[in-house]
1. Mind putting a number on the dipole of the protein assembly as shown about its Cα centre? Charges go on the C-beta only, +1 for Lys and Arg and -1 for Asp and Glu, and I need it in Debye to the nearest 20.
2. Quick one: which residues, 5+ away or cross-chain, put their amide H under 5 Å from the amide H of B:Ala226? H built at 1.01 Å from N.
3. Can you give me the convex hull volume of the Cα atoms of the stretch A:159-272, divided per residue and expressed in Å³?
4. Just report the Cα centroid separation between the stretch B:249-265 and the stretch B:47-112, whole Å.
5. Find out how many positive minus negative residues lie around A:Arg57, taking Lys and Arg as positive, Asp and Glu as negative, among other residues whose Cβ is under 14 Å from that of A:Arg57.
6. Collect residues whose amide H, placed 1.01 Å from N in the peptide plane, falls under 5 Å from the amide H of A:Cys271; neighbours closer than 5 in sequence don't count.
7. Taking a ≥ b ≥ c as the square roots of the Cα gyration tensor eigenvalues, with a/c under 1.5 meaning rounded and otherwise prolate when a/b beats b/c, else oblate, which class fits the stretch B:271-400?
8. Can you pull the mean other chain C-beta count within 10 Å for peptide A:106-112?
Amino acid sequence: MPAQPPLLTACIQGIGLLGPGLADWVSGARIIAGEEAYSPQPTALPAPEGLPAAERRRTGATVKLALGAAQQAVAAAGIDPGGLPAVFSSSGGDGLICHEICETLASADRQVSPTRFHNSVHNAAAGYWSLATGATAASTALCAYDASFAAGLLEALALVSVDRVPVLLCAYETNYPEPLRAKRPLPEPFAMALILAPAPTPATRSRLTARLCATATAADRLPEPGLEALRTAMPAARSLPLLRLLARRERGEAVLDYTDGQRLVVEVGECR
Amino acid sequence: MTALVLRQFTATSCIGRGLGATLESLRAQRSGLAPCAFETVDLETHIGEVPGVDDVQLPAPLQRFNCRNNRLAQLGMAEDGFEEAVAASAGRWGRRRVGLFLGTSTSGMLETEIAYRQRDPQTGALPAGFDYAGTHNTYSLAAYVHEVLGLEGPSAVVSSACSSSAKVFGSARRMIAAGLIDAAVVGGVDSLCLTTLYGFHSLQLVSRGPCRPFDIGRDGISIGEAAAFALIERAPDSLDGDAVLLLGVGESSDAYHMSSPHPEGRGAQAAMLQALGGAGLTAEDIDYINLHGTGTPSNDSAEGKAVAAVFAKRERAVAASSTKGATGHALGAAGALEAVICALALRHGLLPGSANTRQVAPSLGFEYLCANRERPIARALSNSFGFGGSNCTLVLGRAG
């Protein structure tokens, strides 16, 4: 048995959000908190900041989505991204590029586009993030299928708790075109980002503490049906019960989906 | 960092199935690279194909995971008593206290590539039997291994291209240090597919012949495939002298280019220095470096400069080699495969010479081994670098 219970905790210094009808965290928080009605619109993707023009032209929807959420969180935290380790987590990576490469490989001419190939790696968003910000700290790119958000949060909290450094967490998901869409239906791009730090600063909003819980109890649901549909459809939106606590500035716990036999219980409190 | 022990480890690649065959091939400096006759690939290149992968049968209840990558994972896990060692660890700590962190770049991509040739001519639909979650998704590897090993702890796939299965050691180290788990299965499995063969070809990074790492005339990589695993735990107070420890992990980003390394190996230097610092060691303490050494002109040049810079102050040049001339570049499995090769080097006092390298590039600033050297060593360092400028260095050592 462990000598002491695991202590996975961090102060939240910034939040980023992009999704259908959720243009950014400031306006999205009012909707998630239930203060304003939710009206889904196609996700608006901002042009990535900081990339040289040649690199910016090579980025598709997936990189724009991830970088957009990450840049919001960094701006809210007022932190220099250059020294920030980053955890990117996504179930599918870039679905459009994967489809295009498979189509090419199934055709008579198998010449794959070199740019498409190097953009097909699961860590493309992490790579472009370091190009855009000059960040030379460690970055990682995770996948845990529908548990990708919880897996990313655990990785980020372990980094904060063990290495005692601020960390960027970005969970993001775009969608596939047909025919993969029929096998993996993902409705609309969704991304969220957090800046997590070992100690509070003036930008600190709340303290987040997480623990694993061996249970088959269902994860928390959202009262708003449109947001609940988003939560179950998009792996990165499994974060919504946590975002709701943060949006309502409430202390309390949220149960998030993780693996079959385990849930991730996150507790939001004041940061002192 | 607190040292962790590699309780058990295993590797399967084109040079052999399991540790015994791998060691024998390394001793003989045998390369597993051969002209490409894989699937329907019509490229003039050499590859490191693992024989017998398609003969592997997955357990009946796990057929939804059936793809080349998971067959290779099954082949690899069955060697060296690895599954039994994990079962013992789960018994010791509890199934929920054993984590699983695996690296792959393309997972079961080959299955999807084949499914795209079998689309319904009317509707364009993929075949009904195609299982996205079990084969295509990047996580399918860990989902399959999780089932086979009966684990219930934290689980994730790291997919940061060719550094993936080195970085899993870092994830496991942090989760153990945070007290979330007591042990972890780490490793990497990547298998041949058309995406990587044609993709690296399109970037003009593939050699026609067998790759020749650090050769003056090197002209690209040879793509391989591998399954390599290690079971790591907190090191107990007393250990057998032969035990292999994970001493340090360094991770960095180049912030330079998506598919080319920083020319001076800036990120590579940072990763090596961080790994040494975490281990409480200096460059003087390293006896052997297993280089990333892919055999492309730019990788080997950048890595060579980085190693020369980090090891510049040593009195005697450090011995180094790439084993990719033997195994090929196993991409997302390379980090774990080469960590296991370092573990074999430590356990058996074998510094493997570089297969296929004929004339070593001049003035490297370290001693590049073309022939095997047999001498006891205490500590080894392994480099893994990937697209997106993702770098990871591991430091391993003997317990005694």
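1. With Lys and Arg at +1 and Asp and Glu at -1, about 900 debye.
2. Residues meeting the amide H criterion: B:Asp190.
3. For the stretch A:159-272, the hull spanned by Cα atoms encloses 129 Å³ per residue.
4. After rounding, the separation between the Cα centres reads 30 Å.
5. Around A:Arg57, the charge tally is +3.
6. Amide H neighbours of A:Cys271: A:Arg207.
7. Since a/c stays below 1.5, the shape of the stretch B:271-400 is classed as rounded.
8. Mean number of neighbouring Cβ atoms from other chains: 5.
FYI, it's all coordinate maths here, none of it is from the lab. Not measured: the values here are computed from a predicted model. Because the Cβ atoms are built from the backbone with ideal geometry, glycine has one as well, and the counts that use them run over all protein chains shown.
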